[in-house]
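To start, the structure under review is shown below, and the notes come after it.
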Amino acid sequence: MSQYPNAAFIKSANALDQFPADSGAEVAVAGRSNGGKSSAINIIVNRRQFARTSKTPGRTQLVNFFSLRDEQRLVDLPGYGFAKVADSMRQHWGELLSGYFQIRGSLSGLMLVADMRRRLTDYDRVMLQFAADVNVPVHVVLTKADKLKRGQVATAVLEVQKELAGRATVQAFSATKRTGEDEARQKLEDFLHSPRPA
């Protein structure tokens, strides 16, 4: 049973003035389009098709707001890096994401979803910098652990931890095997219940 029985979609936004009220606490989820972000969200929230999955990566093109509980939200940020879109749309996404981080006082954490087989990409590093600029803590969810052997999984986690040098926490995750779901869900809860450092 989901810990979020009343979870529900609030709205999609394509501009800063379309965001819902900036109150309570919200956790953003970001990741490269083909990194398994939607599947990870569905497992963490424990609701099938909560965030839509697609065989065509890059379908999350808006900032999607979901209510988890009263005054607690999850925000699915646009998938990036794989979608075949015009340069003007990429520029718009960049400005939308940058603006989101700058203006949302309720943002209390970022969960960054990355395919552990590819480690962190340049765009992941941009998201990490957006979060660092506004003092938002980050948890990196390295997906597709089921695609690697146990030793390779451990190596991937260690390599990402080394690169981040304490700037974020890191875990292994598999939506297929549900590996790491409790750890990821606990981090989501920690973020939701911890006000952002001043």
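For residue 21, state whether it is surrounded by fewer than 15 Cβ atoms within 10 Å (Cβ to Cβ), modelled with pLDDT of 90 or more and farther than 22 Å from residue 129 by Cα. Write out each step before concluding.
Numbers: surrounded by fewer than 15 Cβ atoms within 10 Å (Cβ to Cβ): yes; modelled with pLDDT of 90 or more: yes; farther than 22 Å from residue 129 by Cα: yes.
In short, yes.
So, in the stretch 99-140, of the ones that are part of a helix (DSSP H, G or I) and hydroxyl-bearing (Ser, Thr, Tyr), which residue ends up nearest to residue 162 (Cα to Cα)? Spell out the reasoning first.
So in the stretch 99-140, the residues part of a helix (DSSP H, G or I) come out as 99-103, 122-133.
In the following step, the residues that additionally are hydroxyl-bearing (Ser, Thr, Tyr) were identified as 100, 123.
Numbers: 100: 28, 123: 18 Å.
Filtering first and then ranking leaves 123.
The conditions are (1) free of Cβ contacts under 8 Å to residues at least 24 places away in the same chain; (2) at positive phi, and residue 91 fails exactly one of them. Which is it?
Among (1) free of Cβ contacts under 8 Å to residues at least 24 places away in the same chain; (2) at positive phi, residue 91 violates only (2).
If I ask for residues that are buried (at least 17 other Cβ atoms within 10 Å of the Cβ) and among the polar types (S, T, N, Q), which ones from the stretch 115-160 would you list?
The one that is buried (at least 17 other Cβ atoms within 10 Å of the Cβ) and among the polar types (S, T, N, Q): 143.
Answer yes or no: is there a residue in the stretch 107-126 that is of a type in the set (Gly, Ala, Ser) and out of contact with any Lys or Arg (no Cβ under 7 Å at 6 or more places or on another chain). So that I can check it myself, show each step before the final result.
Filtering the stretch 107-126 for residues of a type in the set (Gly, Ala, Ser) gives 108-109, 114.
Within this subset, residues satisfying the condition of being out of contact with any Lys or Arg (no Cβ under 7 Å at 6 or more places or on another chain) are 109.
Looking for residues that are of a type in the set (Gly, Ala, Ser) and out of contact with any Lys or Arg (no Cβ under 7 Å at 6 or more places or on another chain), one finds at least one in the stretch 107-126, hence yes.
Of the residues 165, 198, which single one is at pLDDT below 95, surrounded by fewer than 13 Cβ atoms within 10 Å (Cβ to Cβ) and over 20 Å from residue 37 (Cβ atoms)?
Details: 165 fails: at pLDDT below 95.
It is 198.
From the list 65, 82, exactly one residue is in contact with a Pro (Cβ under 7 Å, 6 or more places away or on another chain), more than 28 Å from residue 195 (Cα to Cα) and either at pLDDT 95 or above or not β-branched (Val, Ile, Thr) (or both). Which is it?
Numbers: 65 fails: more than 28 Å from residue 195 (Cα to Cα).
Matching residue, one of 65, 82: 82.
Scan the stretch 85-98 residue by residue and report those that are outside any helix (DSSP H, G or I) and among the small types (Gly, Ala, Ser). Can you show your working first?
Going through the stretch 85-98, the residues outside any helix (DSSP H, G or I) turn out to be 85-86.
Scanning the stretch 85-98 gives a single hit, 86.
Kindly indicate whether residue 182 is surrounded by fewer than 17 Cβ atoms within 10 Å (Cβ to Cβ), in contact with a Gly (Cβ under 9 Å, 6 or more places away or on another chain) and of a type in the set (Asp, Glu). Give the derivation first.
Details: surrounded by fewer than 17 Cβ atoms within 10 Å (Cβ to Cβ): yes; in contact with a Gly (Cβ under 9 Å, 6 or more places away or on another chain): no; of a type in the set (Asp, Glu): yes.
So residue 182 fails the test.
The values are calculated or read from the model by the stated rules, or taken from the named source; none is laboratory data. Being a predicted model, the structure only gives us computed values, none of them experimental. Glycine gets a Cβ as well: all are built from the backbone with ideal geometry, and neighbour counts include every protein chain shown.
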